[in-house]
1. At a Cα cut-off below 20 Å, give the lysines reachable from LYS299, other chains included and same-chain residues fewer than 8 away excluded.
2. What Cys residues in the chain have no fellow cysteine's beta-carbon under 4.7 angstrom?
3. Considering only the other residues whose Cβ falls under 15 Å of the Cβ of LEU117, what net charge follows from Lys and Arg at +1 and Asp and Glu at -1?
4. I'd like the Karplus ³J(HN,Hα) series for region 169-180: coefficients 6.51, -1.76, 1.60, θ = phi - 60°, whole numbers in Hz, and an x wherever there's a Gly or Pro.
5. At a 10 angstrom cut-off on C-beta neighbours, averaged per residue, how do the peptides 287-297, 96-106 rank from highest to lowest?
6. Sequence gap at least 6, Cα distance under 8 Å: using those rules, report the relative contact order of the chain to the nearest whole percent.
7. Using +1 at the Cβ of each Lys and Arg and -1 at the Cβ of each Asp and Glu in the chain, identify which of SER69, ASN290, HIS183 lies farthest towards the dipole's positive end.
8. Just tell me which lysines come within less than 16 Å, Cα to Cα, of LYS172; anything on the same chain fewer than 8 places away is out.
Amino acid sequence: MLSLNGTPFQPDTLQLTDIPGMQTGQAWVALVFCILYVISIVGNLSILALVVQEPALHQPMYYFLSMLSLNDLGVSFSTLPTVIATFCFNYHHVGFDACLVQMFFIHTFSFMESGILLAMSFDRFVAICDPLHYATVLTNSCILAMGLGILAKSFTTLLPFPFLVKRLPFCKGNVLHHSYCLHPDLMKVACGDTHINNIYGLFVVIFTYGIDSTFILLSYALILRTVLAIASWEQRLKALNTCISHICAVLAFYVPIIAVSMIHRFWKSAPPVVHVMMSNVYLFVPPMLNPIIYSVKTKEIRRGILKAFYKSQS
């Protein structure tokens with residue numbers, strides 16, 4: 001795209017796209033997205049309400065779960081405006097600056113989720129490997145400091161992205177490949193020298209996902225070593241059962257990320273619909289699954305839901 005004086009420029013608006021090849025089933029796709037949003041928003045709000053209202057849930061594990069629910073709400077609300085506009089109202093345009101803002105928040109909440117999952121693995125590590133000091137290590141001030149640290153780390157590492165994109169001209173069109181704005185997608189339509197963007201993007205991914213996943217694996221290696229040292233098989237299962245929900249949440253978050261990376265690296269000739277669908281799974285599935293996982297696998301959450309249900313019936 002060229003300005004009046006023949007130099008590349010930034011478009012006023014960018015065009016979002018729906019799922020390739022799904023033009024005849026847009027109503028069904030819109031319905032699926034609406035259901036995902038409802039499950040995610042209602043589920044995570046319910047978790048937050050339960051933790052606030054139930055004194056029995058005022059424990060470090062559930063404070064971290066509250067952080068995860070707040071973050072999942074952030075992910076959902078970051079994508080909701082453009083996704084609903086694209087699929088429900090057939091409106092495919094977003095302002096350039098608004099796109100940068102959405103990109104920043106989507107990536108920030110995504111990186112924060114990785115940090116929260118790491119904090120939750122530390123919680124499980126202390127609870128199983130050093131239970132006598134659990135209450136003294138994970139105090140309210142410590143949990144607050146960890147939450148603020150995760151927020152500060154994600155915010156500061158992602159803050160340069162909008163400015164790095166803003167400096168680039170866009171001469172390859174203004175059509176994006178998703179119904180929301182992502183940094184890799186913007187790089188496909190930008191021209192000029194994008195090496196800084198790509199190098200910094202790789203650094204942020206390694207600094208966040210790489211380090212967080214490494215420490216999560218390390219914490220579970222130590223947990224497994226401690227559990228195997230327990231003589232009673234019943235006590236082993238009881239200890240491991242407290243980690244099941246967190247392990248499922250980690251898998252729900254990291255498996256789609258790994259799948260997207262593998263497809264981009266080793267299956268570049270994949271149909272566009274594959275790339276779009278995997279990106280949607282990466283952003284939409286964890287916020288929807290996490291409340292379900294913790295509601296099904298955590299006895300205290302289940303008990304709180306049933307208590308609230310019977311109270312509403314009475």
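The values are calculated or read from the model by the stated rules, or taken from the named source; none is laboratory data. What you see is a predicted model, and the numbers here were worked out from it, not measured in a lab. FYI the Cβ positions are ideal-geometry reconstructions off the backbone, even for glycines, and counts take in every protein chain you see. When the accessible area is computed, the model is the full protein with side chains, heavy atoms only, and any ligands, DNA or RNA have been set aside. Shrake-Rupley method; radii C 1.70, N 1.55, O 1.52, S 1.80 Å.
1. The reachable lysines, counting only those whose Cα sits under 20 Å from LYS299, are LYS238, LYS307, LYS311.
2. CYS34, CYS88, CYS129, CYS142, CYS243, CYS248
3. Result for the neighbourhood of LEU117: -2.
4. Working through the residues one at a time gives x, 10, 10, 10, x, 10, 9, 8, 9, 9, 8, 8 Hz.
5. Working: 287-297: 20.5, 96-106: 18.5.
Packing proxy ranking, top to bottom: 287-297, 96-106.
6. Values: 338 pairs, mean separation 85.0, N = 314.
Rounded, it is 27 percent for the chain.
7. The one lying farthest along the dipole's positive direction is ASN290.
8. Cα-Cα hits under 16 Å: LYS188.
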